[in-house]
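See structure below.
The values are calculated or read from the model by the stated rules, or taken from the named source; none is laboratory data. Values in this document were obtained by computation on a predicted structure and should not be read as measured data. Every residue, glycine as well, gets a Cβ built from its backbone with ideal geometry; the counts of neighbours run over all protein chains shown.
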Amino acid sequence: MSVLVPRPGIMTITPYVGGESTVPGVERVIKLASNEGAFGPSPKAVAAGKAAAAEMHRYPDGGCAELRAALGSRHGVDEARLVCGAGSDELISLLCRAYTGPGDEVLHSQYGFLMYPLAAKAAGATPVAAPETDLTADVDALVEGVTEKTRILFLANPNNPTGTYLGGEALGRLRAGLPERVLLVIDAAYAEFVTRDDYTPGVELVDGGDNVVMTRTFSKIYGLGGMRLGWAYCPPGVADVLNRIRSPFNVSAPAQAAGLAALADVAFTDKARAHNETWRAWTTERLRDLGLEVSPSIGNFVLVRFPADAGRDAEAADTFLKGRGIIVRRMGVYGLPDCLRVTIGREDEMGAFVETLSAFIG
Ligand SMILES: *Cc1c(COP(=O)(O)O)cnc(C)c1O
């Protein structure tokens, strides 16, 4: 045992484990485990990132000015209120560090994204889960979950790993039910995939007061997970706080350049969204035909529930798929051990996945 003792809470953290990307003995794997874009990044983003990498001895623009200006005009928001981060994970962590500490509570929904309890504990705060209804965040349960100690409420919308969402009306009701001293963080990591009319990423909620933040990422539809790039749209006071505590050069120059080019390649993003729509529907239908339960996802992944019988359960399915080079995500850490989460990949990948799963079910 080391005599060096970290702050309270840190040793209660179970380190985050990302999706696997290799299978021993299998040369060509199909990776459907981390919700990375089906087509990878835009070739224009790759070219821009490479060009910027040639100048890697130069420090990046610490304020991400050009990228924030582009994001501001794309989304119709004030760029002065945008803060970029090394992935939205960094922004989630910074919000916890800035606004919570020992004795404070960080509220999230039962099957909410795993980063929230992790970031809360790292800041010394206590994560609290509010129950969900039908694998969907429950507005009343979240509002009831607020105590004197609650400082932040994190809501992934749509949520990962369930794929479910709260429509604009429900989101407004949640916002209205929260005291001003609670910061509502709407994590809209999958917003670019969504095609529902009743969905909002939450810009107008941020504009409507001083205690709502919306976070976004370049890791999903833009396929830049390896670059680490995300952003937050904040009330002026929150942007000021984040800019004080973030590292001065938290986003690398290649990440900024790639993000800028990815944002400009609208045709690529449109293609990715349309592809996702088609193949998510196709995959959902095939899986239901196989007798499996599939949650109604609006993201680029589906959550699949397996029967409990030994040999036919989620673990057996995962082992069968992996043996044939197909990697999906086990959900035990989310308290959903009977489920697997499957990312929507390319057409051939989804075909191989469904065919292999059909063989498993027999
Ligand atoms: C993938 C994901 C993120 C973030 O990712 P970064 O790569 O850190 O930007 C954030 N929230 C949810 C719900 C996600 O699924």
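Determine whether Ser73 is in a helix (DSSP H, G or I), within 16 Å of the ligand (Cβ to nearest atom) and in the same structural domain as Arg246 (by TED's automatic domain parsing). It is false that Ser73 is in a helix (DSSP H, G or I), within 16 Å of the ligand (Cβ to nearest atom) and in the same structural domain as Arg246 (by TED's automatic domain parsing).
Take Val194 and tell me if it is assigned by TED's automatic domain parsing to the domain that holds Thr133, within 16 Å of the ligand (Cβ to nearest atom), surrounded by fewer than 24 Cβ atoms within 10 Å (Cβ to Cβ) and hydrophobic (A, V, I, L, M, F, W, C). Considered against the rule, which asks whether it is assigned by TED's automatic domain parsing to the domain that holds Thr133, within 16 Å of the ligand (Cβ to nearest atom), surrounded by fewer than 24 Cβ atoms within 10 Å (Cβ to Cβ) and hydrophobic (A, V, I, L, M, F, W, C), Val194 comes out as yes. There is at least one residue in the stretch 111-120 that is more than 30 Å from Lys322 (Cβ to Cβ), surrounded by 19 or more Cβ atoms within 10 Å (Cβ to Cβ) and assigned by TED's automatic domain parsing to the domain that holds Ala255.
Please determine whether any residue of the stretch 24-35 is out of contact with any strand residue (DSSP E or B) (no Cβ under 8 Å at 6 or more places or on another chain), hydroxyl-bearing (Ser, Thr, Tyr) and either surrounded by 10 or more Cβ atoms within 10 Å (Cβ to Cβ) or closer than 22 Å to Val333 by Cβ (or both). No, the conditions are met nowhere in the stretch 24-35.
Between Leu229, Leu224, Leu242, Leu260, the distinction of being out of contact with any strand residue (DSSP E or B) (no Cβ under 6 Å at 6 or more places or on another chain) and away from the ligand (no atom under 12 Å from the Cβ) belongs to Leu260 only. Residues considered: Ser252, Ser247. Of these, the only one that is surrounded by fewer than 18 Cβ atoms within 10 Å (Cβ to Cβ), more than 24 Å from Asn160 (Cβ to Cβ) and within 16 Å of the ligand (Cβ to nearest atom) is Ser247. Contact map, the stretch 26-41: first residue on the phi > 0 side of the Ramachandran plot, second residue surrounded by fewer than 22 Cβ atoms within 10 Å (Cβ to Cβ) and of a type outside the set (S, T, N, Q), Cβ cut-off under 9 Å, separation 6 or more or different chains; pairs are Asn35/Gly19; Asn35/Gly225; Gly40/Val46. If you check Val294, Val266, Val241, Val304 for being under 28 Å from Cys84 (Cβ atoms) and without any contact (Cβ under 8 Å) to a residue 40 or more places away in the chain, only one passes: Val266.
Across the stretch 208-218, the number of residues qualifying as within 16 Å of the ligand (Cβ to nearest atom) and out of contact with any Asp or Glu (no Cβ under 7 Å at 6 or more places or on another chain) comes to 5.
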